[in-house]
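Report on one structure; see the data block that follows.
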Amino acid sequence: MSTQIRRFCTLLLLSFMTVYAVCAQDTIRMMQYNLMYYTNTSGVSDCNVMTNNLDNKDAHIKTIFRYVQPTVMCVCELGSNNQYADRLLNNAINTDGIDYYRRGPLTSQSGGTIANMIYYDSRKLTLYKSANITTAYRDINGYTFYYNADDLASGDTVFTTFWIAHLKAGTGNDNEQHRLTQVQKLMNRISSSGLPGNYTFSGDFNVYYSDEPAYKELTEYSNSLYRFYDPVNSPGYWHNNGQFASLHTQSTHSQDADCFSSGGLDDRFDIILVSPYIYYGSDRIHLVEGSYHALGQDGMRFNGSVVSPTNSSIPSNVATALYQQSDHLPVIMDMAIDAHVGVREPQLDHFVRVVNPVRETLQINLQSEGAAQYVISLLSMDGRILASYQEELDEGPHQLRYPFPFGKGAYLVCVQRENGSKTVKKLVGF
């Protein structure tokens with residue numbers, strides 16, 4: 001490889017890193033929370049207006065919400081009526097001068113008294129569309145948003161979809177099969193769209209171990225473009241296993257207490273999974289490493305409550321709110337948005353498209369304005385030049401194909417025209 005090409009690739013990589021650092025200026029904080037029957041009609045005899053009072057729940061949720069300050073809150077066990085969806089928004093979220101959170105449309109086509117919902121910061125996100133999947137027990141809901149980027153007027157933004165589910169509860173083969181059937185409907189919907197991209201799947205999964213069929217269907221799906229990744233990557237038998245104490249989210253109570261489940265924190269029911277695009281950061285959204293956690297879970301709660309022994313990982317009022325509001329802990333995860341914030345990509349960007357993700361062949365679609373010479377280089381994320389090609393191209397569209405004998409992971413493609421215009425694209429290898 002010539003010294004000139006090597007120098008170009010190094011400078012281009014540094015240029016990309018500078019732009020990337022400037023562009024990655026915002027974070028989407030996601031919280032998944034089982035509200036424990038936010039309704040007056042739960043159908044559970046010991047969970048009523050006295051033992052699960054909504055005024056009290058509003059106050060506790062407000063405390064938790066103010067502490068976490070999520071951009072997006074996905075919830076389960078919300079009453080399947082718009083009055084409950086609006087009540088939560090108006091009484092616990094949009095209070096004390098805050099008025100910019102919105103909610104998605106409510107569906108409960110599968111029936112029942114509880115449903116899923118999403119609440120979001122409208123300053124950062126705009127709801128683009130919603131979808132629901134009916135199952136034998138509860139709907140699976142999907143909400144697609146676009147980010148309110150600075151260059152939104154020119155069409156420059158990024159989309160992501162949040163899927164939410166409350167899977168069938170219970171142990172035994174029959175209940176495991178029911179959960180599998182539910183998630184199979186989700187995977188069929190996602191894969192049949194033909195549009196892999198940024199999406200999450202969260203909720204109360206009610207799974208007990210990583211080899212359970214439903215969890216394996218999600219994380220080992222036959223088409224790797226659509227399977228989900230677990231941010232903490234901790235396979236094993238989670239139920240009543242102290243080895244996974246830091247992941248347990250249910251129950252916040254160790255003793256019987258009205259409609260709260262008892263037994264202490266010994267199950268990992270509440271989970272957030274992410275698509276490969278978010279996991280590898282291939283489409284301007286990437287998982288913030290180390291951000292995934294259950295609020296109030298310090299790893300010292302095995303078979304105990306969230307308040308005893310004293311929980312020093314969060315303020316005492318937040319621990320009390322978690323204890324009194326639900327028998328589940330919320331799960332939190334941050335995602336960085338690599339959208340433009342006052343920085344425009346090089347001019348050539350508009351004429352280069354990389355087919356992404358990549359398996360065995362790297363394909364680049366390039367529109368050349370006039371005859372010109374191009375240098376196309378593939379780099380690792382740490383700056384190593386893996387391959388470089390020089391092309392003499394006529395005016396018009398071109399489909400360039402190069403072998404891709406590299407492993408899974410994130411890579412950079414650098415394209416420069418002889419007049420100095422250039423761009424860098426990020427891709428994921430599978």
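The values are calculated or read from the model by the stated rules, or taken from the named source; none is laboratory data. These numbers come from a predicted model, not from an experiment. FYI the Cβ positions are ideal-geometry reconstructions off the backbone, even for glycines, and counts take in every protein chain you see. When the accessible area is computed, the model is the full protein with side chains, heavy atoms only, and any ligands, DNA or RNA have been set aside. Shrake-Rupley method; radii C 1.70, N 1.55, O 1.52, S 1.80 Å.
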Item checked: Which listed residue, of Ala336, Ala321, is open to solvent by less than 20 Å² (accessible area, probe 1.4 Å), modelled with pLDDT of 95 or more, more than 18 Å from Ser234 (Cα to Cα) and not in a loop (DSSP other than H, G, I, E, B) -> Ala321
Note to self: Every residue in the stretch 246-264 that is of a type outside the set (Gly, Ala, Ser) and under 16 Å from Val232 (Cβ atoms), please.
What the structure shows: Leu247, His248, Thr249
Check: Consider Ile164 against the criteria (1) in contact with a helix residue (DSSP H, G or I) (Cβ under 6 Å, 6 or more places away or on another chain); (2) surrounded by 17 or more Cβ atoms within 10 Å (Cβ to Cβ): it satisfies all of them except one. Which criterion is unmet?
Finding: (1)
Margin query: Cβ-Cβ distance below 6 Å, separation of 6 or more or different chains: which pairs start in the stretch 372-395 with a residue that is of a type in the set (Ser, Thr, Tyr) and end on one that is exposed (fewer than 15 other Cβ atoms within 10 Å of the Cβ) and not in a strand (DSSP E or B)?
Written below: Ser388/Met1
Check: Out of the residues in the stretch 339-363 that are in contact with a Phe, Trp or Tyr (Cβ under 9 Å, 6 or more places away or on another chain) and of a type in the set (Val, Ile, Thr), which is modelled with the lowest pLDDT?
Finding: Val358
Note to self: For the structure I just gave you, tell me whether Arg301 is basic (Lys, Arg), open to solvent by less than 50 Å² (accessible area, probe 1.4 Å) and in contact with a strand residue (DSSP E or B) (Cβ under 7 Å, 6 or more places away or on another chain).
What the structure shows: yes
Check: Is one or more of the residues making up the stretch 234-253 modelled with pLDDT of 95 or more, within 14 Å of the chain's Cα centre (by Cα) and part of a strand (DSSP E or B)?
Finding: no
Notebook entry, point to check: Looking at (1) closer than 15 Å to Ser275 by Cα; (2) modelled with pLDDT of 95 or more, which is the one condition that is false for Pro196?
Noted result: (2)
Note to self: Being open to solvent by 30 Å² or more (accessible area, probe 1.4 Å), closer than 26 Å to Asp139 by Cβ, among the basic types (Lys, Arg) and modelled with pLDDT of 85 or more is the requirement here; does Arg66 meet it?
What the structure shows: no
Next item on the list: Give the stretch 86-130 a look and list any residue that's aliphatic (A, V, I, L, M) and buried (at least 16 other Cβ atoms within 10 Å of the Cβ), or say none.
Entry: Leu88, Leu89, Ala92, Ile93, Leu106, Ile114, Ala115, Met117, Ile118, Leu125, Leu127
Checklist line | All positions within the stretch 16-42 that are at pLDDT 75 or above, surrounded by fewer than 21 Cβ atoms within 10 Å (Cβ to Cβ) and not in a strand (DSSP E or B) | finding: Asn40, Thr41
Check: Would you pick out the residues in the stretch 359-400 that are open to solvent by less than 50 Å² (accessible area, probe 1.4 Å), touching a helix residue (DSSP H, G or I) at 6+ places or on another chain (Cβ under 8 Å) and of a type in the set (D, E, K, R)?
Finding: none
Next item on the list: Could you run through the stretch 186-227 and say how many residues are among the small types (Gly, Ala, Ser), open to solvent by less than 10 Å² (accessible area, probe 1.4 Å) and more than 15 Å from the chain's Cα centre (by Cα)?
Entry: 1
Next item on the list: Within the stretch 95-102, identify whether any single residue is within 20 Å of the chain's Cα centre (by Cα) and at pLDDT 95 or above, and answer yes or no.
Entry: yes
Margin query: If I ask for residues that are closer than 18 Å to Gly111 by Cα, surrounded by 17 or more Cβ atoms within 10 Å (Cβ to Cβ) and out of contact with any Leu (no Cβ under 9 Å at 6 or more places or on another chain), which ones from the stretch 168-180 would you list?
Written below: Lys168
Checklist line | Selection within the stretch 379-399 - of a type outside the set (Gly, Ala, Ser), modelled with pLDDT under 90 and under 15 Å from Tyr411 (Cβ atoms) | finding: Leu379, Met381, Asp382, Arg384, Ile385, Leu386
Check: Residues of the stretch 275-292 being assigned to a helix (DSSP H, G or I) and open to solvent by less than 20 Å² (accessible area, probe 1.4 Å), which ones?
Finding: Pro276, Tyr277, Ile278
Note to self: I need the full set of residues from the stretch 212-233 which are in a loop (DSSP other than H, G, I, E, B), in contact with a strand residue (DSSP E or B) (Cβ under 8 Å, 6 or more places away or on another chain) and over 24 Å from Ser130 (Cβ atoms), in order please.
What the structure shows: Asp230, Pro231
Check: Quick check: is even one residue across the stretch 148-160 over 28 Å from Thr27 (Cα atoms) and open to solvent by 10 Å² or more (accessible area, probe 1.4 Å)?
Finding: no
